[in-house]
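All remarks here apply to the structure that follows.
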Amino acid sequence: AGPLARASRAAVATSPERARIVAELIQSRFDTLMLPGRTGSAGQARPVDLDALVEQVAAATVSGFAALARHPSVDVRTRAVELLAGRPEAEAQRAMAEALRDTDTNVAKAALASVGRHRDAQTIKAVAALLQHADGWSLRARAARALGRVGRASPADETTQLVDGALDRAALQDDYALVREAALRSIASRRGGEAKPILVRVAQSDGEPRLRALARQLVDEMP
């Protein structure tokens, strides 16, 4: 594992093409190498611990992929973000927050797909800003769905307040019904019974009949 982690770190630093190969190996959990893995073959005394191997290589390459997340090529940035998405390291989360502000929507969408795996305040703040300010309605809708996956702590928690406030504004004020719908569903899934006041408000005031009906349905489904 040690030599492979060092070789992978060097490969990621050498070229985007070698970085792509390393990313594919990590994301496939090294299945393509046909290593004797978690079960091992009959009579094998020391099967390879693939989980530990993948973790060691992935951790060793975080810095390299964080650098590639700022590469001029959109494809390279997107692949780097996809690899960093599942990593808990602060460096990886900083790169994710930067990716959410990327000028190319494909990079931002790749970052949004990972939101919720780690409750990182910097990343969540970037998603909330995207929900409020992104030009494209589809990106705002993705941001609303991403915030719905963020774990909820106590109502006094700063991150909880940030997410709740961003979703409430989107549900009440966004110009596009599909964004308001995404925000409504996220509010209901995150807050449970505590979501009832905002849902009732939408049921009474939204200009889209379909959304008023959805809000009433979500209220009726609450225990």
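Using a probe of 1.4 angstrom and keeping all protein chains present, the accessible surface of the chain works out to 52 square angstrom per residue. Determine the share of the chain's accessible area contributed by carbon and sulfur atoms, expressed in whole percent, with a 1.4 angstrom probe. Answer for the chain: carbon and sulfur cover 50 percent of the accessible area.
Rounded to the nearest 20, the Cβ-based charge dipole of region 58-207 about its Cα centre (Lys and Arg +1, Asp and Glu -1) stands at 300 debye.
Hey, if we sort THR103, THR123, THR14 by accessible area with the 1.4 Å probe, largest down, what's the order? Walk me through the intermediate numbers first.
Details: THR103 140, THR123 10, THR14 85 Å².
Ranked from most to least accessible, the order is THR103, THR14, THR123.
Here ILE21 sits with roughly 80 square angstrom of accessible surface, probe radius 1.4 Å. Helix 16-27 and the longest principal axis of the C-alpha atoms of the chain enclose an angle of approximately 80°. Figure note: THR105, THR61 ranked by solvent-accessible area, largest first, 1.4 Å probe, ligands and nucleic acids not counted: THR105, THR61.
Charge tally around ALA156: other residues with Cβ under 14 Å, Lys/Arg +1 each, Asp/Glu -1 each, net -3.
In the chain, the longest principal axis of the Cα atoms and the axis of helix 2-14 are about 70 degrees apart. Counting heavy atoms of the protein chains alone, ARG145 has an accessible area of about 120 Å² for a 1.4 Å probe.
The values are calculated or read from the model by the stated rules, or taken from the named source; none is laboratory data. Since this is a predicted model, take the numbers as computed values, not measurements. Glycine also receives a Cβ, built like all others from the backbone with ideal geometry; neighbour counts cover every protein chain displayed. Surface areas here come from the heavy atoms of the whole protein model, side chains and all, with no ligands, DNA or RNA. Shrake-Rupley method; radii C 1.70, N 1.55, O 1.52, S 1.80 Å.
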